[in-house]
Amino acid sequence: MNYTGNSSESTQKSQPTVSENSSNVSGMNISSQHLSQGQHQVHIPQTSGYQRGTSDAIQRSLLPQRSTVSSGKYSLGDFHIMRTLGTGSFGRVHLVRSVHNGRYYAVKVLKKAQVIKMKQVEHTNDERRMLKLVEHPFLIRMWGTFQDSKNLFMVMDYIEGGELFSLLRKSQRFPNPVAKFYAAEVCLALEYLHSHDIIYRDLKPENILLDRNGHIKITDFGFAKEVSTVTWTLCGTPDYIAPEVITSKPYNKSVDWWSLGVLIFEMLAGYTPFYDSTPMKTYEKILSGKIHYPNFFTPDVIDLLSNLITADLTRRLGNLINGPADIRNHPWFQEVIWEKILAKDIETPYEPPITAGVGDSSLFDHYPEEQLDYGSAGEDPYAHFFTEF
Ligand SMILES: Nc1ncnc2c1ncn2[C@@H]1O[C@H](COP(=O)(O)OP(=O)(O)OP(=O)(O)O)[C@@H](O)[C@H]1O
Ligand SMILES: [Mg+2]
């Protein structure tokens, strides 16, 4: 599958924080379809009481411990810090180059004070734990972590093809086979996480990167958690949050299958099903349960989506007796050969136009750079919160 097209329009992207910045998306097109509606995506910082029960208690991990990832394995001196690739509520992600092997990596830097202020200590330690454990073709790989007195650092592979978000905004919307390809890769990644009792909780196009060949890598494990039963935390991104999370009910892995439904809808339509001008209005729409499917959606995808984006947990695919097999076996995925998807034995719909291996970051948006305080050795009042880094 190959798609080319033109779009000179830029669209706005809301940063995952409470305040919204905008920046232009430029550079990539795979389809010439145009839709006018934009989208706001805002993370909800936790304000209080985010752990309300004991079922969140960490179970013995089902995943093998990877010996390559140890705390303090690297230090700042191992890398040249380069441009910012993305920013978030607690810090930023930099392109970096190893002074030892000359290779490029991505380093996520979180400000300790900000993590404390936004009550994200537990989530940050979980992010490190989850990233250390997971090993899958469609999940980001972390190599190690370290810290200074003010910041936490996570060293990951650098994924060169940019965010699926940028590609989608430039393309307006994806043709059915393209959406299906990305959905299939995401589906296998979620199935892997769930089989190891990890809920991801932040599925959205900003967190899905494309590698040099056009396969996906899911990044941002900031809300991922090992949970074998149910949990209560209110977190995620408004447009993608399941109703049971909004209403503070105990919820399980199936919140990720709801988000997969929203993602498929957004890839096909170019906007999310509950889009509105404020998070509150979006929540009201989610709770109302009404979805308007564009008339170009095919009956099989409407059937799939109405059984993913449903508040009724006894109907939601992925949550039933056959688990994720019900999604994989759904008629919309009929022509998908899952073994080939997993083996990356399928031609990708879009090959990012970059030079591989040289730190090409032309497909990433630009963010204001700031004076870096990395490497400071002063007082560290929060050290005891982050002993694993
Ligand atoms: N391994 C990577 N390679 C290339 N770019 C990356 C990588 N990891 C993250 N990025 C870029 O940085 C952006 C922000 O990273 P990430 O999503 O992990 O942080 P965040 O959204 O700030 O996290 P949080 O939700 O915890 O605030 C991503 O959307 C992506 O554009
Ligand atoms: Mg993110």
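Brief remarks follow.
- Note on the range 82-137: Cα-only Rg and Dmax are 13.2, 37 Å.
- Amide H contacts of Arg83: Leu95, each under 5 Å away and 5 or more positions distant or on a separate chain (H built 1.01 Å from N in the peptide plane; Pro and chain starts excluded).
- Loop trypsin sites (Lys or Arg not before Pro), the range 258-316 (other Cβ atoms within 10 Å of the site Cβ: 10 or fewer; DSSP): Lys290
- In this structure, the pairs whose alpha-carbon distance is over 28 Å, taken from Lys111/Lys285; Lys117/Lys249; Lys180/Lys285, are Lys111/Lys285.
- Here is the list for the range 245-306: chymotrypsin sites (Phe, Trp or Tyr not before Pro) lying in DSSP coil, each with at most 12 other C-beta atoms within 10 angstrom of its C-beta, are Phe296.
- Under the combined filter of DSSP loop state and at most 15 neighbouring Cβ atoms within 10 Å, the range 297-364 retains these GluC sites (Glu not before Pro): Glu335, Glu347.
- Taking a straight line from the alpha carbon of Lys170, these aspartates and glutamates sit under 16 Å away, with near neighbours fewer than eight places off in the same chain left out: Glu9, Glu206, Glu266, Glu351, Asp365.
- At q = 0.15 Å⁻¹, base-10 log of I(q)/I(0) for the range 102-204 (Debye sum, equal scatterers on each alpha carbon): -0.81
- Amide H contacts of Gly144: Val155, each under 5 Å away and 5 or more positions distant or on a separate chain (H built 1.01 Å from N in the peptide plane; Pro and chain starts excluded).
- Taken over the Cα atoms of the range 300-388, the convex hull encloses 304 Å³ per residue.
- Cut-off under 5 Å, modelled amide H: who pairs with Arg212 long-range: Glu160, Gly161
The numbers here are math on the coordinates, done by the rules we state, and not lab data. These numbers come from a predicted model, not from an experiment. So basically every Cβ, Gly included, is an ideal-geometry build from the backbone, and we count neighbours across all protein chains shown.
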